[in-house]
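Right, one structure below, let's go through it.
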Amino acid sequence: MSVASGPSSAATFDHVTVAVFDLDEAIQFFGVLGFDVIKTVRISGATMDAYMGIPGMEADHVTLAIPDAEPHQEVQLLHFHKPEQLVDRSSGNLAGTGFNHVCFRVDDLDATVAGFEAAGFPTRNQPMDFHDRKLVFLVGPANTVVELAQWH
């Protein structure tokens, strides 16, 4: 049930941003899902410091998208140079509050898992059926939890 009304109330997914230690590994990971690099910039300066709330920040910002997909959706990667990288000790822990995981819909879960395994990215669990979907969790970049879903 939506509480918003009117023509501007419909929201769609735009992007998810993942802070990573290894850009090449993250690009390879999301490449298995068909994402390509579409933009790469270095972000820093007073405007970015204020927006992100991180004084003195400097990071590579890489935007990935699936070519010609409608609607356009992105995975954005951040690789920080400043401040020095700190490990998010709760990343990958599904028993906490806040961000839990991101899920991508796929046509063939078994084939997609095989692609991830061939690229060196393991699953966290065995696939299961739940709510009209076949689901599995993957170990994503920087221990981010990524789920795959194949609808029945």
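Look at Ala65 and say whether it is without any contact (Cβ under 8 Å) to a residue 60 or more places away in the chain, in the same structural domain as Asp24 (by TED's automatic domain parsing) and crowded, with 18+ Cβ neighbours inside 10 Å.
Yes, satisfied.
Looking at Ala50, is it outside the structural domain of Asn143 (by TED's automatic domain parsing), loosely packed, with under 11 Cβ neighbours inside 10 Å and at pLDDT below 95?
The answer is yes for Ala50.
Sort out which residues of region 91-134 are of a type in the set (A, V, I, L, M) and either surrounded by fewer than 12 Cβ atoms within 10 Å (Cβ to Cβ) or in contact (Cβ under 8 Å) with a residue 24 or more places away in the chain (or both), and write them in order of number.
Leu94, Ala95, Val102, Val106, Leu109, Ala111, Val113, Ala118, Ala119, Met128 - these are the residues of region 91-134 that are of a type in the set (A, V, I, L, M) and either surrounded by fewer than 12 Cβ atoms within 10 Å (Cβ to Cβ) or in contact (Cβ under 8 Å) with a residue 24 or more places away in the chain (or both).
From the residues in region 27-43 that are over 13 Å from Glu74 (Cβ atoms) and not β-branched (Val, Ile, Thr), which one is surrounded by the fewest Cβ atoms within 10 Å (Cβ to Cβ)?
Applying the filter and picking the extreme gives Arg42.
The values are calculated or read from the model by the stated rules, or taken from the named source; none is laboratory data. What you see is a predicted model; the values in this text were computed from it and never measured. Using ideal geometry, Cβ is built from the backbone for each residue, glycine included, and neighbour counts are taken over all protein chains shown.
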